[in-house]
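> One structure follows; several queries about it will come next.
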Amino acid sequence: MATPADVGVDVTGETAPARPHPAGRGPVLGREAAVPVVAGVLVALHLCLRLWTAAGGWFTPLDLAGVAAGVAGTGEVAGPPGAEALTRALAALAPLSWPAAVGLELLAQLAVDVLLYRLLVELFGRRPAVLLPLAVYLASTLPLVGGVWWAAATVQLPVQLALVVALTGHVRHLRTGRPGPAVAAAGAVLLGSLFSTGVLLVPLLLLALTLLWWTGGPLRERARALARRRTAWVLQALAVGVGAALRVLLHPGPLPGPGSLGDAVADLPGLVGRTVLPGLVGGPWAWSPADGSLAVPAPPAAAVATAAAVVALTALTSVLLSRGAVRAWLVGAVATVVALAATAASGVRAEIGDPPAAVVPPAALALVAALVTGLAFLPVRDAPVVLRRRTRAGRDAGARPVPQAVRPAVGALVVAALAAASLASTAAFRGSWSDNPARDYVQTAQAELAERPDVVLADSRVPAGVVPDALAPANTASAVLAGLPVPARFLGEATVVPGLAVLDDEGRVQLGYVEPVAQTGAGPVEGCGWPAGPEPADVPLDGATTDGRWYLHLTLLAGADSRLWITAGDTRAGTLATAGLRDLYVLVSGEVDRVRVEAADPGTTVCVGAVRVGSVRPLPAGR
């Protein structure tokens, strides 16, 4: 956060007259005309940094679980209804395409950046000072994790869009009285509620902005002014009510208990120190590894103290410069508590909640910080005067204003400091973000399967670093690879194949070996084991499996080609066994304590030599 460089201008709402062009020179790019150009450069640099960060990473385990649910129906997509819809759309159109996911994230971020600039211009006019609040947002790392992690981005980016659209629409409604902008503001809140409970912060900001900056006089007069805008409040109430109802209907779930919610709220001071304060000034500069490739802010104590001092000094400067600035900081403090509490509550209600604030701080707080910085230093145009420059008798009469040429230099210095801090923090985060075991596993498997397109795989659990067991049933190779452009061939139930492979922990294709839970001993007929001819072969096992899905490995000797029926547990599968010594594999379900083999062709005898039932592992060396 920083002090705008031209806070000494227009604090009463008056506009300085334009300076004439120097004699003999044509029009040059004036300060106001340069504002959108500089803003565009800042936004472009912000998007380039975000692209560089996102490109180093990949889908996290939670993202892979969502893609698997969208493609193969394996489990449910975690998150609110809106986020679930976006993940299912990505899974349907471009599953496991990280460039597509990053492209969507960058488009949404571009929309947020541009709309924030338009909101600042709507509030304060097109003046160089609006670049400082814009830079506060662009340099903040609060939106960083929620801008590159797909599961979090599908929550946080829509909420940011809802906030800036609602604020812009409400400001236009206050100025014109037209209902259209108020409808747009309510629509933004309604759509935002499908993505996060944190969108409830938006109506509170609209109320505070109207009460403290668009009304004046005693409390009764302010109340009357609010009542005259009843259209906006009715629409906002409807949006919140309908949004809450849709959220519950589309994604019902248990409410958090008082104890867990209390623990989350008790951690709010820690969240402010670890995430919010450093994040507002480009921190935290240090990260601690979390699940998968994620990292959580871990700023040193000195960094937290420095960030708090910078924020406090910025607030103190505004208060000393202008009466009325303190109300902006009070709004910011209340908004921070509300946003963190809403996110903490959602994180506790994990079944339908947003990413917890300990991992992903509410990105909307960066927008709030930009708004508060502007309101604390700059007058709102076409609104009652709130900021009044403080004067001291005998001191300010002879005070010399800051030279015009110095102010851009001061502003540029502040922007550069924020940018340097943000770049350092982003680079530190990218180190953890780029370490993604899931990406290496999937890319290795994809390359191996491209070389062996006809291989049939047994499904198996992937390493915990790829998808942890807590996300079952998405922690299997079939779920993780469900979104490949060329689908992998996994053995289905009641399908018989002559050979079976499996992926090892690095994603490489290995010959499969059935590690037995139950198997046969020596057969009753020497040299044949269990003959299946006119009568079926009923092969007992030395134990029984539990109820589940199991891989069956049979070793057979057939004198001629023969059609066979194999029954195990609840599964009955048919196949053609060619003459000679053969291995057959079949996926079965249910409890298995014996296997029945029937030869369908009269006069044909097939010898069942050995049977194993269990799970498939890579073939051990030496077997």
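The values are calculated or read from the model by the stated rules, or taken from the named source; none is laboratory data. Small disclaimer: the values here were computed from a predicted structure and weren't measured. Cβ coordinates were reconstructed from backbone atoms using ideal geometry, including for glycine residues, and neighbour counts include every protein chain displayed. SASA here: full protein model, heavy atoms, side chains in, ligands and nucleic acids out. Shrake-Rupley method; radii C 1.70, N 1.55, O 1.52, S 1.80 Å.
> Can you compute the label reach from residue 250? Point 7 Å from Cα along the Cβ direction, backbone N cut-off under 17 Å, restricted to the stretch 178-203.
186-200
> Take the Cβ-Cβ distance between residue 424 and residue 581 as r, set R0 to 51 Å, and report the resulting FRET efficiency rounded to the nearest 0.05.
On the way: r = 66 Å, r/R0 = 1.29.
Between residue 424 and residue 581 the formula returns 0.20.
> Another one. Return one whole number: the accessible area per residue of the chain in Å², for a 1.4 Å probe.
Numbers: 27340 Å² over 623 residues.
Per residue, the chain has 44 Å² of solvent-accessible surface.
> Right, here's the next one. Tell me, for the chain, which Cys residues have no other cysteine's C-beta sitting closer than 4.7 Å.
For the chain, the answer is 48, because their Cβ atoms have no other cysteine Cβ under 4.7 Å.
> If amide hydrogens are placed 1.01 Å from N in the peptide plane, which non-local residues have theirs closer than 5 Å to the one on residue 589?
Here 550, 570, 571 satisfy the definition.
> If you stretched the chain out fully between residue 309 and residue 242, how much longer would it get, using 0.36 nm times the residue separation minus the C-alpha to C-alpha distance?
Numbers: separation 67, 0.36 × 67 = 24.12 nm, distance 4.19 nm.
The span from residue 309 to residue 242 would gain 19.9 nm if fully extended.
> At 27 angstrom or more along the helix axis (alpha-carbon based) and mean Kyte-Doolittle of 1.0 or higher, what helices does the chain contain? Whole DSSP H runs only.
Numbers: long enough: 31-55 (35 Å, 1.36); 98-124 (39 Å, 1.42); 150-176 (39 Å, 0.80); 230-250 (29 Å, 1.42); 301-321 (30 Å, 2.16); 326-348 (33 Å, 1.69); 406-433 (40 Å, 1.20).
The qualifying helices are 31-55, 98-124, 230-250, 301-321, 326-348, 406-433.
> Roughly how many Å² of residue 542 are accessible to a 1.4 Å probe, to the nearest 10?
Near enough 110 Å² of accessible area.
> Whose amide H sits under 5 Å from the amide H of residue 610, counting only residues 5 or more places off or on another chain, with H placed in the peptide plane?
Placed amide hydrogens put 555 under 5 Å from residue 610.
> At R0 = 25 Å, how high is the FRET efficiency between residue 547 and residue 464 if r is their beta carbon distance? Nearest 0.05 is fine.
Numbers: r = 25 Å, r/R0 = 1.01.
Rounded to the nearest 0.05, the efficiency is 0.50.
> If you average the alpha carbon positions of the stretch 266-321 and of the stretch 556-603, how far apart do those two centres end up, in angstrom?
66 Å
> Further question on the same structure: Between the stretch 44-84 and the stretch 489-552, what is the C-alpha centre distance in whole Å?
38 Å
> Which residues' amide hydrogens lie under 5 Å from the amide hydrogen of residue 513, considering only partners 5 or more residues apart or on another chain, with H built in the peptide plane?
Excluding prolines and chain starts, which carry no amide H, the hits are 617, 619.
> Could you work out what % of the accessible surface of the chain is carbon and sulfur, using a 1.4 angstrom probe and leaving DNA, RNA and ligands out of the count?
63 percent
> Order 526, 535 by their accessible area, 1.4 angstrom probe, all chains in place, largest first. Please report the intermediate quantities before stating the final value.
On the way: 526 180, 535 130 Å².
So the residues, ranked largest to smallest area, are 526, 535.
> Still on this model: For residue 316 and residue 337, FRET efficiency with R0 = 22 Å and r from the beta-carbon atoms, rounded to 0.05? Please list the in-between numbers first.
On the way: r = 21 Å, r/R0 = 0.94.
So, using R0 = 22 Å, E works out to roughly 0.60.
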